[in-house]
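What follows is one structure encoded as structure tokens, with my remarks underneath.
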Amino acid sequence: MTQAFQIPTELRDFAEKSVDQARAAVDTLMGNAVKAAEQAQSTGQTFQTSLQTAVAKGFDFAQTNANATFDFAHKLVRTKDLKEAFELQSEFVRSQVAALQAQAKDLGSIAQSAAR
């Protein structure tokens, strides 16, 4: 009669602990992966929303600037002399510079919000 081979208790305990540690490590890894995916999705949604806002603002700014330019052109063709035309030109340039500064500030705020 052949005696059955038995695994020593210490070896069995070691193997069981190893399996438990491996399970815990995989659980931790999966939990971290899920958190990272959720964070990436949230960040992606925030970026997409900010991008959509910036594009919409860009179109609004383009329309506003085009309207200002056409208004200027209408006024310019009705000027009576060069002095009046130069004054009108200076006023238009000043107002457009101010508008562009405000628009850049607005877009900068959107970019900062997206970066947060």
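Computed from the coordinates by the stated procedures, all read-outs in this text should not be read as laboratory data. In this text the structure is predicted, and so the values were computed from the model without any measurement. Using ideal geometry, Cβ is built from the backbone for each residue, glycine included, and neighbour counts are taken over all protein chains shown.
The table below gives the values:
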{"quantity": "Additional length obtainable on full extension of the chain from F47 to H74, 0.36 nm per residue less Cα span", "calculated": "5.7 nm"}
{"quantity": "Rg(Cα) / (2.2 N^0.38 Å) computed for segment 9-115, rounded to two decimals", "calculated": "2.34"}
{"quantity": "Derived scalar couplings ³J(HN,Hα) [segment 76-85; Karplus, 6.51 cos²θ - 1.76 cosθ + 1.60; whole Hz; x for Gly, Pro]", "calculated": "5, 5, 9, 5, 9, 8, 5, 4, 4, 5"}
{"quantity": "FRET efficiency estimate (nearest 0.05) - Cβ-Cβ, D60 to D27, R0 30 angstrom", "calculated": "0.05"}
{"quantity": "Size of electric dipole in the chain: Cβ of Lys, Arg +1 and of Asp, Glu -1, about Cα centre, debye, nearest 20", "calculated": "420"}
{"quantity": "Neighbour cut-off at most 11 other Cβ (10 Å), DSSP loop, GluC sites (Glu not before Pro), segment 39-116", "calculated": "none"}
{"quantity": "For segment 56-68, Karplus couplings with θ = phi - 60° (6.51, -1.76, 1.60), whole Hz, Gly/Pro x", "calculated": "4, 4, x, 5, 4, 4, 4, 5, 4, 5, 5, 4, 4"}
{"quantity": "Helix-derived mean residue ellipticity, 222 nm - over the chain, DSSP H n ≥ 4, -39500 (n - 2.57), to 500", "calculated": "-33500 deg cm²/dmol"}
{"quantity": "Candidate lysines for bridging to K57, where Cα separation is under 18 Å - those fewer than 8 sequence places away on the same chain excluded", "calculated": "K105"}
{"quantity": "Cβ-defined net charge surrounding Q103, 12 Å radius [Lys, Arg +1; Asp, Glu -1]", "calculated": "0"}
{"quantity": "Karplus-derived 3J(HN,Hα), 6.51/-1.76/1.60, for each residue of segment 9-22, Hz, glycine and proline x", "calculated": "4, 4, 5, 4, 4, 4, 5, 5, 5, 4, 5, 4, 5, 5"}
{"quantity": "Within-15-Å neighbourhood charge of T9 [Cβ basis; K, R +1; D, E -1]", "calculated": "-1"}
{"quantity": "Neighbourhood net charge (14 Å Cβ-Cβ; Lys/Arg +1, Asp/Glu -1) for V19", "calculated": "-1"}
{"quantity": "Spin-label model distance (nm) - K83 vs V19, 7 Å beyond Cα toward Cβ", "calculated": "10.0"}
